[in-house]
Every structure is written in structure tokens, then in C-alpha cells.
Amino acid sequence: MSVLLRRVRGRASHSVFRGSAINDKGTVVFEGFVNAASPPSGIFTGSGGKNITVVDGSPFTHIFYSPTINNNNIKSFIGTFYSPDFAQSYSGVFNKKNGQITTIADSNGKFSYFSSATINNKNTIVFNATLDTGESGIFVSKNGEITKIADTNDRFSNFNSGFDTVGGNGPPSAFAIPSINDAGTVAFHATLDTGATGIFIGRGKGTVKIADNTGKFNSFSAPAINNNGTVAFLAQLDNGRHGIYKKKRGQEIETFVDDSGPFSFFQSDPALNDQGQIAFLAYLYAGGGSGIYTGKNPVTNKVIAAGDPLAGSRVVDLVIAGRGLNNAGQVTFEALLENGQTAVFRADPVTHAHIEGISLLTFSMFALLGLCWYRRK
């Protein structure tokens, strides 16, 4: 693996950066934390040069999270604003375009809480929200008009964000994070009134089941959908096996990779691009360490793994989100290093070297967002 690093310090008021997402131009948007124990109070972008502030409420005045960025350089995020005495709060979904922040939906209307938001390249935003009535649902905003994709007034019982362990022994997964493609089709995880859980898609005129736990599957992660209509998701089977699966439009569900070997466990929602490439975090049977991969071969498909040298240290742990892969094959991720530093990186595919007939994809690594000088206690 060839490694090239650029270090850019974040704002002095923030020392930890997480929650990264990437657009096709390689620009990464991410959350900024004052410290590891605080909520995210800033959102920034970077692409290997100087960081740019999208919004900043540090140290603890306001909270900003769930950032995404599209190819038009429009950023979406959720913000919660507090009064000086923290007795009152106001929240909403916002975007920022050409330096101007626009409210997409807020708690002054029918909504009371927002848990996630994602923007596509047509500037349509999908978000998960709770209403004043206590109901919840998945909604999209396009050209100022809000459309319901699904809510708990119909056949679904909840879309609540929360921590679940896939099969009871897996990683935390925020089930409510929806994915949207440029056609406006939304893929989401939900629980039905019947108690069954599954993956569904919709565009505001009904929903279609992709998979549920009435068959061979037991539980699911949040899904991803690309512009070809392919849906990818992490799931556990009834027999206890885990894997990442995808369903192409008009075809049956197929296994992308599973724990039959060499991977023993998967610990991220899948990140999917239009070429059908999937980036994911997994553990190996041999060695047991975590790594980020884009296919079944842990050698030729490795992006980075625990123990690899990085930024003058070695990788201890990694995080990748469902919006961490773009159509150029670039991957953004967070890394914890042996020296206690944390940082967000972008991995760029640079060449294919042929070794004994094997095509080996190598990456160039950019420390986009600063080696954050946070040391574990």
C-alpha cells in the first residue's frame, strides 16, 4: 500500500472529528467534537487542504450532526439550538448552499425531533423524524415540499433510531438512517405492525419490501441504495451467519460477502456506489483485527486494517459509515492510532499492480481533517 499523508489541524475549539461522508469530488464532510465526551457541535469539510467550517456552535451552545454533502457542494445536517439556560431548544434539518443556510423542516411545525438526514445530487433531502403527535416516519423534502415516504400511521410501527446488535451479538446499528438515490427512491429499515422487521424502498406512493425476517433473514442493518436501484444491507440469517447482501432491480438477493471465511464478523453499514462496489468494516478469522475492505479478498480488496502503519503510528481501530464511499472509489474513514491520536482520512485508489497474476488495488491516504490531538484516558 502506498501512503501519502497531509495533515490539517481542525479549529482550536474542536479536537475530535467523526461521522464522515464523501461526495464524488472527494470532498468530505464531518462532525467536530470539543472532546470525546461532548456531543458534536460543529460541521466541517475538507479535501486535503484547509478545512472549511459549515456551521459551528462550540463549545456547548448548539449541537450539529448527521452531515452529508452532494456533488453540488450542498451540505445537509441536523441542528439543535439551545437557549442560554438550556431550558428551551429548537431543532431542524438544514442545508447550506453558497454560504446560505436554509431550513428544510423544523420543530416549529408538525415535527418535534429529527434523527438523521441525507441529501442526494438532485438536492432532495430524506430525513427521519418524530411528529408532535408521537408518530414517526421517513420524509423527503424536494423544492420546498415535504412528502411522506412511510410513517407509523400505516403498516409500520416504528423507525426509531437506536442501538441494536444484529442477531444479538453484533455492533450497534442506527436502523433509522435512510438512503436516497438521485431518482428520489428511499431505502430504509423499519418494523411492521406485525412485529416483523425488514428493508423497504419507496418514493412517496407506497413502499416495496426488499427483505424481511419472515424468511431466511433474522435482523438487518441500515441499507444503502445506488442510482441503479441496487440495495445493499448487512444482515444476520436465521442460522446465525452474518453477511452483506445486495438486491439488484428485478433480481434475487445475492450474497456479496459473508462470514464463511475469511471474514468472521462485520461491523458497519455497507457503503455502496453506482458501480456496485461496497466498502465495509470487518474482522478476520486469522488475526482477528478489524479492517476496511471492498470485496471478498482481504489482501487485494483491503483499504486499511488494524496494525497498518499510518501517520507515523499504527492503526488500532477504524470506523466507516454508510456514506463513506463515492463513485470514484474513494473511501473516507476515521482511525484511532497507537499514539492516541484520532483523525479522518480519505483513501484514493491510485493504481492496479499485477503480482503473480493478481490485480492488487492500492490506495493513497490523505489525512484530510487533521490528526486530532485527542489522547485516550
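The values are calculated or read from the model by the stated rules, or taken from the named source; none is laboratory data. Quick caveat, the model's predicted, so the values are computed rather than measured. We place every Cβ from the backbone using ideal geometry, glycine too, and count neighbours over all the protein chains shown. Ligands, DNA and RNA are excluded from the accessible area calculation, which covers all protein heavy atoms including side chains. Shrake-Rupley method; radii C 1.70, N 1.55, O 1.52, S 1.80 Å.
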For this session: Return the residue satisfying two criteria in turn: it lies in the stretch 46-62 and is under 16 Å from PHE81 (Cα atoms) and in contact (Cβ under 8 Å) with a residue 40 or more places away in the chain, and of such residues it is surrounded by the fewest Cβ atoms within 10 Å (Cβ to Cβ).
Result: PRO59
For this session: Go through LYS110, LYS97 for me and flag whichever is more than 23 Å from the chain's Cα centre (by Cα), basic (Lys, Arg) and modelled with pLDDT of 90 or more.
Result: LYS110
Exercise. Identify, please: which residue in the stretch 216-251 is open to solvent by 30 Å² or more (accessible area, probe 1.4 Å), in a loop (DSSP other than H, G, I, E, B) and at pLDDT 95 or above and is, among those, nearest to THR332 (Cα to Cα)?
Worked result: ASN227
Exercise. For the stretch 125-135, what are the residues that are open to solvent by 10 Å² or more (accessible area, probe 1.4 Å) and closer than 20 Å to GLY204 by Cα?
Worked result: THR130, LEU131, GLU135
Problem set entry | Test result for ALA286, hydrophobic (A, V, I, L, M, F, W, C), buried (at least 23 other Cβ atoms within 10 Å of the Cβ) and more than 23 Å from SER20 (Cβ to Cβ) | no
Problem set entry | Scan of the stretch 115-146 for residues that are in contact with a Ser or Thr (Cβ under 8 Å, 6 or more places away or on another chain), touching a residue at least 40 places away in the same chain (Cβ under 8 Å) and part of a strand (DSSP E or B), ordered by number | SER115, SER116, ALA117, THR118, ILE119, ILE125, VAL126, PHE127, ASN128, VAL140, SER141, LYS142
For this session: List the number of the failed condition for ILE69; all other conditions in (1) open to solvent by 40 Å² or more (accessible area, probe 1.4 Å); (2) touching a Ser or Thr at 6+ places or on another chain (Cβ under 8 Å) hold.
Result: (1)
Exercise. Of a type in the set (Gly, Ala, Ser), in contact with a Pro (Cβ under 8 Å, 6 or more places away or on another chain) and open to solvent by less than 30 Å² (accessible area, probe 1.4 Å): does that describe SER83?
Worked result: no
Exercise. Looking only at residues in the stretch 35-45 that are of a type in the set (A, V, I, L, M, F, W, C) and surrounded by fewer than 18 Cβ atoms within 10 Å (Cβ to Cβ), which one is nearest to PHE345 (Cα to Cα)?
Worked result: ALA36
Exercise. Name the residues in the stretch 252-266 that are part of a strand (DSSP E or B) and without any contact (Cβ under 8 Å) to a residue 12 or more places away in the chain, would you?
Worked result: GLU254
Exercise. Among (1) closer than 22 Å to ASN226 by Cα; (2) modelled with pLDDT under 95, where does PRO298 come up short?
Worked result: (1)
Problem set entry | Criterion (out of contact with any Cys (no Cβ under 9 Å at 6 or more places or on another chain), modelled with pLDDT of 95 or more and buried (at least 21 other Cβ atoms within 10 Å of the Cβ)) met by exactly one of ILE22, ILE74 | ILE22
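From ILE146, ILE101, ILE138, grab the single residue that is among the β-branched types (Val, Ile, Thr), buried (at least 16 other Cβ atoms within 10 Å of the Cβ) and within 27 Å of GLY324 (Cβ to Cβ).
ILE138
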